[in-house]
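Below is a structure I'd like to ask you about.
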Amino acid sequence: MANLQSITHRLLGDSLHISAQKSPSKIVVTTNDGEYTYQELLDYSVALANALQQRGLQRGDRVAIYMDNGWPALFSLYGVLLAGGVFVMINPQTKADKLAYILNDSDASCLLTEVHLENNFVPILGGLSKLHHVIYAGKEKTFPMPAISIEHFDKVLDKVSRDVYVENRSISNDLAALVYTSGSTGSPKGVMHTHLSMLFALNSLIEYLRLSDEDRILNVLPLSFDYGLYQLLMAVHMGATLILEKSFAFPALVFKRIKEKEVTVFPGVPSLFAILISSHERSKQKFPSITRITSTAAALPADFIPTLKEIFPNALVYKMYGLTECKRVSYLEPELVDRKPTSVGKAIPGTEVLLLSRDGKPVEPGETGILHVRGPHVMLGYWKQKELSENMLKDDVYPNQKMLCTHDWFKMDDEGFLYFVGRSDDIIKTRGEKVSPVEVENVLYGIEGINEAAVIGVSDSTFGQLVKAFVTLKEFSGLDDKKIKKLCVAKLENYMVPKEVIVMDSLPKTTNGKIDKKLLG
C-alpha cells in the first residue's frame, strides 16, 4: 500500500489521495443519483485502476471516457489516472463517425461508457484495431462482440481490490490527458497535456478565483469541455464539493439544486447566462449563496453584468479568456468589471502574454498584435500532428523554450489589459464549444442531393457565434432547409448543427474557383 503521508502533488491523481486522507467522509460530489464521499471516490478509483492494469493497461496508454456527467465518469477519470493511463474525455453527444475517429486517432485500448450510448459505440467496435476492452455502466445486457471484451462495471469492480494500490511509475512530465478539440482540417485534434501542465493550471485558477475547500462548485458543463473538466479537478484538488448536473436543459431543477446545496461557485458561458437572465426577467431569481461567477468561451456581454449582479448579489464576476491549448490565458479582476467592461484582463498567475506582429516584433499599446502565451500550462502539442503543433508552438523569446501562438488578434492598453479583436482562423466558437466549418461541411457533402456547401460563423450576442450553412442542390433533390437540418442532427452534436441553412442557386467563387466565404453572411 502506498504511504499516503509521503504523497505530494506530483501527479494529477495525487489530489484524490491527499483529499481522501484529509477528509474521507466529506462529500466530494452530489449528482442526480446521490452523494458520494472522498473515500468512496478513492475506493472506486483504486478498484478501477487495478482492473485496468489487470487487463493490460500500461503507463501512458489512452483510455476513452464516453459518458454523461455522473458518478461513473468521476471514478473512471481518476481510475485511469491512478493506473498510470491517459484519459480522453468524449462528449456523450458525439455520434458514431466522430467517436470512431477519436478512438482510432488516440489508439485507445479501453472504452469506458454507458449502455444508453450503445447505438453509437457498438456499430463501430469492429473497426477499432487498438481497442480491446469496453466497460459500461447502466442496465446490464449481452453484446454479441466476441473479438472485444465487453463487461459491466459492477462485475469488473466486484472482482478487484479497493485497498491495494497499484504501482504507478508516471512522472510529472508524462501525459495526463488528451483533450480533443475541433481543428481547421475538419478532424478533431488531441491537445496533449501533462500532469505538470494541468496541476500548474489548477493552482493558478484556484489562486486568482480565491477558492478554498469550503466551496461548493456547480457544474452543468460537459466534462469533455475543459472548462467543465476543471471544475471537477479543482474541487478534488482543494478537497471541496462538486454539484454535478448533466446539463442546463432544465434550469428550474438547477436553480433548486443551487438553493438546496448552497452552491458558492457558478461557472458558465454567455449562452447559459442569457438563459438565466431571460428566466429572471420572467420571474425574479436571487441566489445569495453564490460568491463567484465565472465566464469564458465567448465574450461575456457587458450588458449582462448588471442583471447578473441582481441575481447573484454577493458574487464576484470573473470574465476570462482561454483556449484548450493552455487551458486559460487571462482573467479580469472582478473589481474591474465596471471600469474595464470589454477587457479580458491580464495573464493568469505564473504566466506571461505577449502581443507580437506577424514578423515577431512587440507591438505598442493600442496596436493590434497576435497573442502569444508563455508558461507551464502550455500544451506539449497536438497528438500525432507535428505540422499543426509547429504552427502553434513557436520559438520563445528565451532560448530553448516554446511559447503558444494563439493566432488570435488582441490589443493591450497602457495598463496592460487585453482586449480581444478577432480570430485569424475560421474556427467558430458557439455556446462555449469550438466548431470546425470543415467538419460540418463534410457532413453536408455527405447528404445525397447537396451539390456545394459552405459553413461560416455569424456573430450572436447570446452564443458568441452561430453556425450558418449555405448550400446548392442537385436537380430534383427534394431537399429544403428543414430536411437538411434534420439530417445534420443525426450526424453532428447539437451545437454543431447549423442554426440556419440557406439554399442558393450558386455560391460565390474566387478567381481560383474556390468558394469565397467572405461574400457570404
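Restricting to segment 423-466, give me the number of residues that are of a type outside the set (Asp, Glu) and over 22 Å from VAL191 (Cβ atoms).
18
Among the residues of segment 251-265, write down those that are part of a loop (DSSP other than H, G, I, E, B) and either farther than 23 Å from PRO72 by Cβ or under 21 Å from the mean Cα position of the chain (by Cα) (or both).
GLU262, THR264
Of everything in segment 202-250 that's part of a helix (DSSP H, G or I) and either of a type in the set (Val, Ile, Thr) or assigned by TED's automatic domain parsing to the domain that holds ILE293 (or both), which residue is nearest to HIS9 (Cα to Cα)?
Going through the qualifying residues, I end up with VAL236.
Right, here's the next one. Can we say ALA137 is under 27 Å from GLU493 (Cα atoms) and touching a Phe, Trp or Tyr at 6+ places or on another chain (Cβ under 6 Å)?
Yes; evaluated as a whole, the condition is true for this residue.
If GLY432 satisfies all but one of (1) in contact (Cβ under 8 Å) with a residue 40 or more places away in the chain; (2) surrounded by fewer than 19 Cβ atoms within 10 Å (Cβ to Cβ); (3) of a type outside the set (Lys, Arg), what's the number of the condition it fails?
(2)
Given the structure, is ALA315 closer than 24 Å to LEU229 by Cα and touching a Pro at 6+ places or on another chain (Cβ under 9 Å)?
Details: closer than 24 Å to LEU229 by Cα: yes; touching a Pro at 6+ places or on another chain (Cβ under 9 Å): yes.
Spelling it out, ALA315 is indeed closer than 24 Å to LEU229 by Cα and touching a Pro at 6+ places or on another chain (Cβ under 9 Å).
Given ILE243, ILE290, ILE305, which one is crowded, with 22+ Cβ neighbours inside 10 Å and more than 29 Å from VAL88 (Cα to Cα)?
Residue meeting the stated conditions: ILE290.
Taking only segment 342-370 into account, find how many residues are of a type in the set (Asp, Glu) and in contact (Cβ under 8 Å) with a residue 24 or more places away in the chain.
Residues in segment 342-370 being of a type in the set (Asp, Glu) and in contact (Cβ under 8 Å) with a residue 24 or more places away in the chain: 1 in total.
Let's see how each residue does on (1) closer than 25 Å to LYS509 by Cα; (2) crowded, with 16+ Cβ neighbours inside 10 Å; (3) touching a residue at least 40 places away in the same chain (Cβ under 8 Å):
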| residue | (1), (2), (3) |
| --- | --- |
| ARG423 | yes, no, no |
| GLU441 | yes, yes, yes |
| VAL458 | yes, no, yes |
| LEU492 | no, yes, yes |
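Residue-by-condition table, conditions (1) among the polar types (S, T, N, Q); (2) in a loop (DSSP other than H, G, I, E, B); (3) within 26 Å of ASP43 (Cβ to Cβ); (4) assigned by TED's automatic domain parsing to the domain that holds ALA83:
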residue: TYR136; (1), (2), (3), (4): no, no, yes, yes
residue: LYS139; (1), (2), (3), (4): no, yes, yes, yes
residue: ALA147; (1), (2), (3), (4): no, yes, no, yes
residue: GLU151; (1), (2), (3), (4): no, no, yes, yes
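Going by the conditions given, is PHE287 among the aromatic types (Phe, Trp, Tyr), under 22 Å from ASP215 (Cβ atoms), outside any helix (DSSP H, G or I) and without any contact (Cβ under 8 Å) to a residue 40 or more places away in the chain?
Yes: the conditions hold for PHE287.
For SER477, work out the one condition from (1) under 25 Å from LYS189 (Cβ atoms); (2) modelled with pLDDT of 90 or more; (3) polar (S, T, N, Q); (4) assigned by TED's automatic domain parsing to the domain that holds LYS499 it doesn't fulfil.
Exception for SER477: condition (1).
Taking the condition in contact (Cβ under 8 Å) with a residue 12 or more places away in the chain, out of contact with any Cys (no Cβ under 9 Å at 6 or more places or on another chain) and either in the same structural domain as ASP158 (by TED's automatic domain parsing) or surrounded by fewer than 20 Cβ atoms within 10 Å (Cβ to Cβ) (or both), does LEU57 pass? Quick ask: steps written out before the conclusion?
On the way: in contact (Cβ under 8 Å) with a residue 12 or more places away in the chain: yes; out of contact with any Cys (no Cβ under 9 Å at 6 or more places or on another chain): no; either in the same structural domain as ASP158 (by TED's automatic domain parsing) or surrounded by fewer than 20 Cβ atoms within 10 Å (Cβ to Cβ) (or both): yes.
Answer is no for this residue.
Out of ARG328, ARG374, report the one residue that is touching a Phe, Trp or Tyr at 6+ places or on another chain (Cβ under 9 Å), surrounded by 21 or more Cβ atoms within 10 Å (Cβ to Cβ), modelled with pLDDT of 95 or more and of a type in the set (D, E, K, R). Can you show your working first?
Details: ARG374 fails: surrounded by 21 or more Cβ atoms within 10 Å (Cβ to Cβ).
Of the residues listed, the single one that is touching a Phe, Trp or Tyr at 6+ places or on another chain (Cβ under 9 Å), surrounded by 21 or more Cβ atoms within 10 Å (Cβ to Cβ), modelled with pLDDT of 95 or more and of a type in the set (D, E, K, R) is ARG328.
Also: Taking only pairs six or more apart or across chains, which ones have beta-carbon atoms under 6 Å, a first residue in segment 74-98 that is touching a residue at least 24 places away in the same chain (Cβ under 8 Å) and over 24 Å from ASN32 (Cα atoms), and a second residue that is part of a loop (DSSP other than H, G, I, E, B) and polar (S, T, N, Q)?
Pairs found: GLY84/ASN168; GLY84/SER170.
Also, I was wondering about something else. Give me the helices (runs of 4 or more DSSP H) completely within segment 1-120, filtered to those with at least 1 residues that are modelled with pLDDT of 95 or more and among the aromatic types (Phe, Trp, Tyr), ordered by residue number.
Here the list reads 38-54, 71-82, 96-106.
Further question on the same structure: If a residue has to be outside any strand (DSSP E or B) and on the phi > 0 side of the Ramachandran plot to count, how many in segment 325-346 make the cut?
Number of matching residues: 1.
Report, by residue number, each residue of segment 391-407 that is surrounded by 16 or more Cβ atoms within 10 Å (Cβ to Cβ) and farther than 21 Å from GLY350 by Cα.
Scanning segment 391-407 gives a single hit, HIS407.
While we're here: Name the single residue that is nearest to ILE27 (Cα to Cα) among those in segment 173-223 being modelled with pLDDT under 95 and among the polar types (S, T, N, Q).
The selected residue is THR181.
Only one residue in THR430, THR472 is among the polar types (S, T, N, Q) and farther than 20 Å from PRO508 by Cα, so which one is that?
THR430
If you don't mind, there's one more thing I want to ask. Where residues in segment 108-136 are crowded, with 21+ Cβ neighbours inside 10 Å and small (Gly, Ala, Ser), which of them is farthest from ILE90 (Cα to Cα)?
SER109
What residue, of LEU466, LEU507, is among the aliphatic types (A, V, I, L, M) and under 22 Å from the mean Cα position of the chain (by Cα)?
None of the others qualify; the one that does is LEU466.
The values are calculated or read from the model by the stated rules, or taken from the named source; none is laboratory data. All of these numbers come straight from a predicted model, not from anything done at the bench. When we count neighbours, we look across all protein chains shown, and the Cβ atoms used for this are built from the backbone with ideal geometry, even at glycine.
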